[in-house]
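The values are calculated or read from the model by the stated rules, or taken from the named source; none is laboratory data. Just so it is clear, the model here is predicted, and its values are computed rather than measured. As a convention, Cβ positions derive from the backbone with ideal geometry for all residues, glycine included, and neighbour counts pool all protein chains shown.
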Number of protein chains: 2
Amino acid sequence: MRKLTDFRTPFLAIELDTFYKNLERMQAIKPGLMLRPHVKAFKSTSIASILEQAGYSKFCCATIREIEGMITAGFGDDLLLANESLDVSGLSSVVEQGADLTVAVDSIETIDAACEAGIRRVLIDVNVGLPRCGCDITEVEHLCSHAKRKGLDIRGVMGYEGHLMFTKDRSQREKGVRKAMHVLGTAHSITGGDIISAGGTGTFDLNELATEIQAGSFLFMDSRYGTLDLPFEESLSIVSTIISKDLNKGRAVCDAGVKSFSMDYGKPSFKGGVVEFCSDEHATIRPVEPESELELKVGDLIKLRVPHVDPTIAKHPKLLGVKDGYVLEEWKVDLRDW
Amino acid sequence: MRKLTDFRTPFLAIELDTFYKNLERMQAIKPGLMLRPHVKAFKSTSIASILEQAGYSKFCCATIREIEGMITAGFGDDLLLANESLDVSGLSSVVEQGADLTVAVDSIETIDAACEAGIRRVLIDVNVGLPRCGCDITEVEHLCSHAKRKGLDIRGVMGYEGHLMFTKDRSQREKGVRKAMHVLGTAHSITGGDIISAGGTGTFDLNELATEIQAGSFLFMDSRYGTLDLPFEESLSIVSTIISKDLNKGRAVCDAGVKSFSMDYGKPSFKGGVVEFCSDEHATIRPVEPESELELKVGDLIKLRVPHVDPTIAKHPKLLGVKDGYVLEEWKVDLRDW
């Protein structure tokens, strides 16, 4: 059996026991159609297969590339592009071939683009507080009428309360979700339809309105989520080699840098030291206690925690599934890029 | 001829006129063997070919993957792995097949790894002030002796003054480079050899000691470099589509997010607005003047400036070369990953 040392660093490793425990915990609270796993988190049809075996058959995606790849891999049964796109024309052929595709729309332009691509099913994406996509609540009726005139099937609404994912206090988070979902509920009373699609890992068990939760990173857990009271644990880490160490043992350098992890939620962390400085191919590590010495040796493998899972996975070609130090799985990140 | 609108966003575009002007300006100051272009910046053998045609035949790389890819593409004549690696054993076969490879070493361990891989040529990497790799000046003699005992050919020294790349004042930068190169010169007096490899885009014309400058991003220019008095201009941008806009025209959202640009030097910038908030697949744009309205429409293509080129290119599968709005080149980023 292969060990971590058989692979060229840096790479991403998933502790399989933790990964499957996270999946079980999600199944216990949001089984089957209550969760629409978000492919954007892992961009891997291998992981989509595992989720399917666990009873999750309806996925959502953030990019056309993810949609195409999921359909090619046989996951074309009720697939949601949970994002606006003007470039859905490339999806015409998969729709013609029978893929059951729904897209999020929040403007006349995105409705028209869906229509021209032959896509028949939409969700009206409503802004519920995150300063990003989603129409204003006052626009829902107008967009609804336009979509109906175009002959589209409005399956319901979508509204992502992303501004609340990291609200630390659970009751504050819950209060925020209620407020956001009040907006989405109002929108739904206008659109009708079976679907109210919302939520994420941070609010998955607090969102009582959503008929389906869009979550994906619960399988891996951003280290930033660690400050929250969620029932999931970190399964993902960046495995890196110590390639240099200074004379006084006050500095060690590993071969993972900003090309192998995302810095938008801050630097990765590490038990045996402090990540002080990150460059393209390196992270410089200092002792936790200044003036003390690092225990690390040149050649050591270390595991860095991942502040932000989704854009970190998107930087890698594969995910290695590990149990008891052995690599049991090699999952391709086959839905990268655009 | 293809236009920008023929490609799915987000993607990276290079203004070819600016790109070639940057190359010419480098040729005027550091022609031929005075520059060892750094492949880490662009990870593309297509761009290596352009540099070769411009008279640059000796390259350096940061990863084993880059080295392998460059050798496979025929650039195996005096190639430098300008980084420490314990994992060079994978390079044994290319060395046996005649690739002329030199590696940077800064420890007994990296010397031994090179030796075991059959690599015969090394540079002693010396720390000249950046808190990263490179041995202490007091270790040079010991490492030199060890490398010689192992039968390695010590071609000289390497020392990257990366801590000075963004020092704004030119005379301060120059002073810093002199100080750093004093250390490297001392190291070179111990090692001997023909090569003193140092520098980068920010110090390329200030480093008078180096026999060769390691630079790559001068072709594209980080927007962060824009604050410096360098003779290069920004040629790279992220092309993205506006996919959503709010009712009051105070917010627009484009389809490029942290999966398509690196945030370690900050958010990308944009002439027609302020990038306020970046998420995985989106950037939210506000008007430059608060309370004013954005000129952007849903469907518009915009170009975002790139704060940090190298890790941004590493996120993309291709680079599109553009002239007068037409896409004339499609260069594969074929040396990504590890």
Original post:
Can you name every residue in the range B:1-40 that is in contact (Cβ under 8 Å) with a residue 40 or more places away in the chain, touching a helix residue (DSSP H, G or I) at 6+ places or on another chain (Cβ under 7 Å) and outside any helix (DSSP H, G or I)?
Top reply: B:12, B:13, B:35, B:37
Subject >> Selection within the range A:175-212 - more than 21 Å from the chain's Cα centre (by Cα) and on the phi > 0 side of the Ramachandran plot >> reply: A:192, A:193
Original post:
Does residue A:27 satisfy being surrounded by fewer than 24 Cβ atoms within 10 Å (Cβ to Cβ), out of contact with any Leu (no Cβ under 9 Å at 6 or more places or on another chain) and at negative phi?
Top reply: no
Subject >> Residues located in the range B:241-251, provided they are at pLDDT below 95 and either of a type in the set (Gly, Ala, Ser) or outside any loop (DSSP other than H, G, I, E, B) (or both) >> reply: B:250
Subject >> Of the criteria (1) at pLDDT 95 or above; (2) over 17 Å from residue A:118 (Cα atoms), which one residue A:1 fails >> reply: (1)
**OP:** Test residue B:95 against the stated conditions and say whether it is surrounded by fewer than 24 Cβ atoms within 10 Å (Cβ to Cβ) and in contact with a Gly (Cβ under 8 Å, 6 or more places away or on another chain).
**Re:** yes
Original post:
Counting only residues that are away from chain A (no Cβ under 14 Å) and modelled with pLDDT under 95, which one in the range B:75-91 is farthest from residue B:314 (Cα to Cα)?
Top reply: B:77
Original post:
Across the range B:108-118, what is the number of residues that are more than 14 Å from chain A (Cβ to nearest Cβ) and out of contact with any helix residue (DSSP H, G or I) (no Cβ under 6 Å at 6 or more places or on another chain)?
Top reply: 1
Subject >> Residue in the range A:321-333 that is nearest to the other protein chains (Cβ to nearest Cβ), counting only those that are crowded, with 18+ Cβ neighbours inside 10 Å and closer than 15 Å to residue A:48 by Cα >> reply: A:333
**OP:** Please state which one of B:213, B:243, B:238 is in contact (Cβ under 8 Å) with a residue 40 or more places away in the chain, in the same structural domain as residue B:39 (by TED's automatic domain parsing) and of a type outside the set (Phe, Trp, Tyr).
**Re:** B:213
Subject >> In the range B:252-296, residue nearest to residue A:83 (Cα to Cα) [restricted to those that are among the basic types (Lys, Arg) and at pLDDT 95 or above] >> reply: B:259
Original post:
For residue A:269, are the conditions met, namely being more than 13 Å from chain B (Cβ to nearest Cβ), hydroxyl-bearing (Ser, Thr, Tyr), touching a residue at least 12 places away in the same chain (Cβ under 8 Å) and surrounded by fewer than 24 Cβ atoms within 10 Å (Cβ to Cβ)?
Top reply: yes
Original post:
Does residue B:128 qualify as being modelled with pLDDT of 95 or more, crowded, with 20+ Cβ neighbours inside 10 Å, within 14 Å of chain A (Cβ to nearest Cβ) and in contact with a Gly (Cβ under 6 Å, 6 or more places away or on another chain)?
Top reply: yes
**OP:** Scan the range B:107-118 and give yes if some residue there is charged (D, E, K, R), at pLDDT 95 or above and assigned to a loop (DSSP other than H, G, I, E, B), otherwise no.
**Re:** no
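Residues are listed down the side, and each one gets a yes or a no for (1) of a type outside the set (S, T, N, Q); (2) on the phi < 0 side of the Ramachandran plot; (3) touching a residue at least 60 places away in the same chain (Cβ under 8 Å):
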residue: A:42; (1), (2), (3): yes, yes, yes
residue: A:55; (1), (2), (3): yes, no, no
residue: A:83; (1), (2), (3): no, yes, no
residue: A:89; (1), (2), (3): no, yes, no
